[in-house]
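Undergrad: Once you've had a glance at the structure underneath, I'll fire off some questions.
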Amino acid sequence: LMGGLIFSWQDEWFKRTWNTVDYDDPDRRPYWSNVQTNEQRFGILSFDRNLVQIDGKTDEWQEDEPLLTTEDLTLHVKSDETYLYLTIKSKQLEKENVRILLDTVANQGNTSDRETGDQFPAPVEYLVKLNQQGESRIVQDVYYDYFNYLYAKKLSLMPDRMPNPQKDSGQFSTIDFVLNKALTLPDSQKKIPFSSYETGLLREGTSDPTAVDFDSLTDYHWQGDTLEIRLPWLLIGATDPSQKKFLGDFISANEKVDEVIKGIGIGVYFEGQAPPKSLVTYEWQPWDIPQSTERLKASYPIIQQLFAEYE
């Protein structure tokens, strides 16, 4: 009877959710942890390695060589089965907003930002906008907007953000997930409208489960001259990071296609300043045996204490 009160003992990486099922590789779901899918995290035992705690401290980076060192900043990058992690150290972080460029797949992306006029050294699919005040978010090349492809072009459930698809348009769109598809309830004939939410909106906090202000939804932590950020793999177009597969040119193919990449091009600059003259490439080794770390969640001792009160 006590076991019947627990929906799931452990987190289950193989699970899927209807609003992300079209994005990833169904045969490879158990090999990585997809935090964009809400079905996977009902357990009281977690297996995520959390290679880096997003807390503004840099202990986990001390033995790593920086991927990039300039007069103005240092950039470290690493990854695990769940996230791509970046940490930036720069005195300019104490007063300036920061921008991060991500080039994931070849032969597409924007070489400029039409909104600001910024010119990039290579076509990028993603632009991370981290601001001292107000909202921070990651946006994507509108040509590479798979949400728009699915629900505007294929299903006609929303206005099309790019009726005439064009590569390198300089336009970026928010990254959104569907909440409800439009439907009519058969008994009442009540119409439920199509709705969505912005999943690319980034949340500041700390990911350390031992901290009093722990927030499992943390995306980044900004403290003085140090910025740490973790990006879920699916949020940057990975369909299977274990095999380095990312969404390909689904517009030209008119269907979902995957592309195996060598690495991710990364650039960092500060708002109002010129973007870097080149990107640095982060590469990682593919895997078939995922690594994991067991961690009992904070709910475990609560349940343990409750169960101890009953025979």
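No lab work stands behind these numbers, since they all come straight from the coordinates. It should be emphasised that the depicted structure is a prediction, and the values quoted were computed from it without experimental measurement. Heads up, the Cβs are rebuilt from the backbone with ideal geometry, glycines too, and the neighbour counts pull from every protein chain shown.
Undergrad: For segment 225-274, state what percent of all Cα-Cα pairs lands in each successive 10 Å bin, counting from 0 Å until the bin that includes the largest distance.
TA: Using 10 Å bins, I get a P(r) of 20, 39, 27, 13, 1 for segment 225-274.
Undergrad: Among 69-77, 293-301, how do they line up by average Cβ neighbours within 10 Å per residue, starting with the highest?
TA: Top of the packing list down: 69-77, 293-301.
Undergrad: Just round it to a whole percent: the fraction of Cα-Cα distances in segment 251-304 exceeding 16 Å.
TA: Distances greater than 16 Å cover 74 percent of the Cα pairs.
Undergrad: Ordered by residue, what ³J(HN,Hα) values in Hz, to whole numbers, does segment 236-245 give under the Karplus form 6.51 cos²θ - 1.76 cosθ + 1.60, where θ = phi - 60° and Gly and Pro are x?
TA: After applying 6.51 cos²θ - 1.76 cosθ + 1.60, I find 10, x, 6, 9, 6, x, 5, 10, 6, 9 Hz.
Undergrad: As an exercise, use a Förster radius of 22 Å and the Cβ-Cβ distance of A182 and E39 to find the FRET efficiency, rounded to the nearest 0.05.
TA: After rounding, the FRET efficiency stands at 0.45.
Undergrad: Next up: Excluding T87 itself, calculate the net charge of residues whose Cβ lies under 12 Å from the Cβ of T87, where each Lys or Arg counts +1 and each Asp or Glu counts -1.
TA: For residues surrounding T87, the net value is -2.
Undergrad: Applying a 10 Å radius around every beta-carbon, put 257-267, 271-281 in order of their mean neighbour count, most first.
TA: The densest-packed peptide leads the list: 257-267, 271-281.
Undergrad: Over the residues of the chain, compute the C-alpha Rg and express it relative to 2.2 N^0.38 Å.
TA: Compared with the compact-globule rule of thumb, the chain sits at 1.06.
Undergrad: Could you run the Karplus curve 6.51 cos²θ - 1.76 cosθ + 1.60 with θ = phi - 60° over segment 166-180 and give me ³J(HN,Hα) per residue in whole Hz, x for Gly and Pro?
TA: Rounded to whole hertz, the list is 9, 6, 6, 7, x, 9, 10, 10, 5, 9, 10, 10, 6, 9, 9.
Undergrad: Which entries of K244/K297; K129/K191; K15/K245 show an alpha-carbon separation above 28 angstrom in the structure shown?
TA: Cα-Cα > 28 Å for K244/K297; K129/K191; rest within.
Undergrad: Under the rule of -39500 (n - 2.57) per DSSP H run of 4 or more residues, summed and divided by the residues of the chain, what mean residue ellipticity at 222 nm is obtained, to the nearest 500 deg cm²/dmol?
TA: -1000 deg cm²/dmol
Undergrad: Of F270, F214, F120, which is the most mobile in a GNM of the chain whose springs link Cα atoms less than 10 angstrom apart?
TA: Maximum among the listed residues: F214.
Undergrad: Here's something else I'd like to know. Starting from the amide H of L202, placed 1.01 Å from N in the peptide plane, find each other amide H under 5 Å away whose residue is 5 or more places distant or on another chain.
TA: S136, R137, I138
Undergrad: With θ set to phi - 60°, apply the Karplus curve 6.51 cos²θ - 1.76 cosθ + 1.60 along segment 61-75 and write out the HN-Hα couplings as whole Hz, x wherever there is a Gly or Pro.
TA: Each residue of segment 61-75 in turn: 9, 4, 8, 9, 6, x, 6, 8, 9, 10, 5, 9, 7, 10, 10 Hz.
Undergrad: Tally the DSSP beta bridges in the chain and give the antiparallel ones as a percent, rounded to 5.
TA: 95 percent
Undergrad: Next up: What does the charge add up to near F14, with Lys and Arg as +1, Asp and Glu as -1, over the other residues with Cβ less than 14 Å from its Cβ?
TA: The answer is -3.
Undergrad: Hull surface divided by four, with the convex hull built on the Cα atoms of segment 1-126: how many nm²?
TA: Directional mean of the projected Cα hull area for segment 1-126 stands at 12.1 nm².
Undergrad: On the first, second and third principal axes, largest extent first, how far apart are the outermost C-alpha atoms of segment 64-157 in Å?
TA: Over segment 64-157, Cα extents along the principal axes are 48, 32, 26 Å.
Undergrad: Ranking request for peptides 186-194, 16-24: highest mean number of other beta-carbon atoms within 10 Å first, then the rest in descending order.
TA: 16-24, 186-194
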